[in-house]
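Enquirer: After the structure tokens below, expect a handful of questions from me.
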Amino acid sequence: MAFNVGSSLLDAIVLAVVSQDEAGTYGYKITQDVQDVVGISESTLYPVLRRLKKDEYLDVYDQQFGGRNRRYYRITEKGEAQLNLYQVEWKLFSAKITKCLRGEMSR
């Protein structure tokens, strides 16, 4: 991808991915889903998950799977509110960029 992904956009993508499953989803699946959207490494994603947890946008719980604990992430109400804000901001931002790239800027 030709464009760098900033931390706010990455946060928005992660929150959107996690919000897809009400019961929560685990780290490896989040990584795979986010990589389908933007090219990031697993080592980039886990600090994002920790920060979103620290900011109370995600809840974390462990569950047994195949004889091991698997860490699951679930979006909180605060996280849903933040995701909604990101969605509104993205619509405004992307509309402006699209107009610019199409040469439709008006003064």
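Enquirer: Could you look through the stretch 76-107, keep only residues that are without any contact (Cβ under 8 Å) to a residue 12 or more places away in the chain and outside any helix (DSSP H, G or I), and pick out the one that is surrounded by the fewest Cβ atoms within 10 Å (Cβ to Cβ)? If you could, list the steps in order and put the result at the bottom.
Expert: Step one: of the stretch 76-107, the residues without any contact (Cβ under 8 Å) to a residue 12 or more places away in the chain are 77, 81, 84-85, 88-89, 91-107.
From what's left, outside any helix (DSSP H, G or I): 102-107.
Values: Arg102: 8, Gly103: 6, Glu104: 8, Met105: 9, Ser106: 4, Arg107: 2.
My answer is Arg107.
Enquirer: Determine which single condition Gly39 fails, assuming it passes every other condition in (1) small (Gly, Ala, Ser); (2) part of a helix (DSSP H, G or I); (3) closer than 26 Å to Lys91 by Cβ.
Expert: All conditions pass for Gly39, except number (2).
Enquirer: Under 6 Å by Cβ, and 6 or more places apart or on different chains, what pairs join a residue from the stretch 3-16 that is farther than 15 Å from Glu56 by Cα with one that is assigned to a helix (DSSP H, G or I) and not hydroxyl-bearing (Ser, Thr, Tyr)?
Expert: Leu10/Val48; Ile13/Val34; Ile13/Val37
Enquirer: Still on this structure, I have one more. Could you give every pair whose Cβ atoms fall below 9 Å, whose first residue belongs to the stretch 25-41 and is among the small types (Gly, Ala, Ser), and whose second residue is in a helix (DSSP H, G or I) and surrounded by fewer than 17 Cβ atoms within 10 Å (Cβ to Cβ), counting only separations of at least 6 or pairs across chains?
Expert: As it stands, the answer is Gly27/Glu42; Gly27/Tyr46; Ser41/Gln35, since those pairs meet every condition given.
Enquirer: Find all pairs meeting these conditions: Cβ atoms under 9 angstrom apart; at least six residues apart or on different chains; first residue within the stretch 45-68 and assigned to a strand (DSSP E or B); second residue surrounded by 12 or more Cβ atoms within 10 Å (Cβ to Cβ) and among the aliphatic types (A, V, I, L, M).
Expert: From the stretch 45-68, the pairs are Leu58/Val14; Leu58/Leu15; Leu58/Val18; Leu58/Leu49; Leu58/Leu52; Leu58/Ile75; Asp59/Ile75; Val60/Leu49.
The rows are residues; the columns are (1) on the phi < 0 side of the Ramachandran plot; (2) at pLDDT 90 or above.
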{"residue": "Val5", "(1), (2)": "yes, no"}
{"residue": "Leu10", "(1), (2)": "yes, yes"}
{"residue": "Val17", "(1), (2)": "yes, yes"}
{"residue": "Arg51", "(1), (2)": "yes, yes"}
{"residue": "Asp59", "(1), (2)": "yes, yes"}
{"residue": "Gly67", "(1), (2)": "no, no"}
{"residue": "Glu89", "(1), (2)": "yes, yes"}
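Enquirer: Considering only the stretch 27-47, I want to know if a residue exists there that is at pLDDT 95 or above, under 18 Å from Ser7 (Cβ atoms) and open to solvent by 70 Å² or more (accessible area, probe 1.4 Å).
Expert: No, there is no match, as no residue in the stretch 27-47 is at pLDDT 95 or above, under 18 Å from Ser7 (Cβ atoms) and open to solvent by 70 Å² or more (accessible area, probe 1.4 Å).
The values are calculated or read from the model by the stated rules, or taken from the named source; none is laboratory data. Remember, it's a predicted structure, so these values are computed and weren't measured experimentally. Counting neighbours? That spans all protein chains shown, and the Cβs are built from the backbone with ideal geometry, glycine included. Keep in mind that these areas ignore ligands, DNA and RNA; they rest on the heavy atoms of the full protein, side chains included. Shrake-Rupley method; radii C 1.70, N 1.55, O 1.52, S 1.80 Å.
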